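Reviewing the structure listed below.
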Amino acid sequence: MVTVSFDAGRYVEYYLGHAPSLSTLLVANGAAFLVGVSFYVHADPSFADLPTFFYPLFGDSPTALALATLSLATLLPNLDNRVRDAPTNTPLTYLHTFAFVWLVKYGLWTIVALNLHPDQYVGAPGALWDYWGIMFTHLLFVVEAFAIPYYGRTTDRALKVALVALLVNDVFDYALGYHPPLRYDPGVPLILATLLLSVVAVYVADRIFDRPERFDPLAPAGE
C-alpha cells in the first residue's frame, strides 16, 4: 500500500518564501484584481454611481484580492527566511485577519450566489466563464486564504472588528442595493446566506489563526 503524505506547510514555505514564486502570486493577484475592477466598472450599478470611498464596500471580490495582495506583500522583506516566523505587529494582525475573512466569505459567496439560480448561468451564452470560470477562480480565493494563517496572527479584537466590517458591508449591499450584480434579484435566501457567511468566515479565522504573544494595544483592557 502506498501512503501519500501532503505537507502543506512545506509548500507554503517554498512558494511564499522565495522571490520568483511569491512575485508570480502577487502579479496573478494584481491581474485578477484588475479583472474584478473591470467587472464593476461595466456593471449596473457601477463604480461611477458611488463616491470613491465606497468602492471597497461595493467591489467585494476586488477588495478581497486587494487585502490578500497587501497581506502577501508584507512577506517581501522576509524573503529567504522562514515564512512561519515572519514578523508580526498589531496593524498586521488586522490586515491578515481582514484578508482571510474577505477571501473566504466572497470566495464562498460567489459559489452560493451562482448556484441559487444556476438556470440563469448554466447553458447561457458565456457560461464557460460566467459560471464555471468564476466559480473556479473564486474557489481559489478560499485556497489562498488558508495560506494566510500560516504566517499571520490575529487577536480577539481584530476578529470582532472584522465581523463588524463584514456586517456593515452586508448592510451596504442589501439595504442600500449595492450587492454584486447578479442575473436575478437577491431574495431572503441569499441575504441570509450572506449574513451566515460573514459569521462563518470569522468563526473559521478564530479557529485557525494563532494569537500573537504581544498585547493588542487597540483592545480594551482585559481582552
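The values are calculated or read from the model by the stated rules, or taken from the named source; none is laboratory data. Note that the structure is a prediction, hence the values are computed from the model and not measured. Cβ atoms come from the backbone with ideal geometry, glycine included; neighbour counts cover every protein chain shown. Surface accessibility is based on the protein's heavy atoms, side chains included, excluding ligands, DNA and RNA. Shrake-Rupley method; radii C 1.70, N 1.55, O 1.52, S 1.80 Å.
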Cα long-axis angle, helix 188-208 against the chain (0 to 90 degrees, to the nearest 10) | 10 degrees
Return the loop-located trypsin sites (Lys or Arg not before Pro) in region 140-190 (DSSP other than H, G, I, E, B) with at most 14 other Cβ atoms within 10 Å of their own Cβ; answer none if there are none.
-> R183
Per 10 Å bin from zero, what fraction in whole % of the C-alpha pairs of region 32-82 is there, up to the bin with the longest pair?
-> 25, 42, 20, 11, 3
Rg(Cα)/(2.2 N^0.38 Å) for the chain, N = residue count = 1.06
Treating only Lys and Arg (+1) and Asp and Glu (-1) as charged, each at its beta carbon, one finds that region 71-198 has a dipole about its Cα centre, in Debye to the nearest 20, of 380 debye
If one takes the longest principal axis of the Cα atoms in the chain, at what angle in degrees, from 0 to 90 and to the nearest 10, does the Cα axis of helix 134-145 lie?
-> 20 degrees
Amide H to amide H under 5 Å from D210: which residues, 5+ apart in sequence or cross-chain, H placed 1.01 Å off N in plane?
-> T154
Hey, can you rank 187-200, 52-65, 8-21 by average C-beta count inside 10 Å, highest first?
-> 52-65, 187-200, 8-21
Exactly which trypsin sites (Lys or Arg not before Pro) in region 63-107 are in a DSSP loop and have at most 11 other Cβ atoms within 10 Å?
-> R82
A student asked for the Cα radius of gyration and Dmax of region 33-163 in angstrom ought to give 16.5, 49
Sort D156, D130 by accessible area with a 1.4 Å probe, largest first.
-> D156, D130
Its Cα gyration tensor gives region 128-198 an equivalent ellipsoid whose semi-axes in whole Å, largest first, are 25, 21, 8
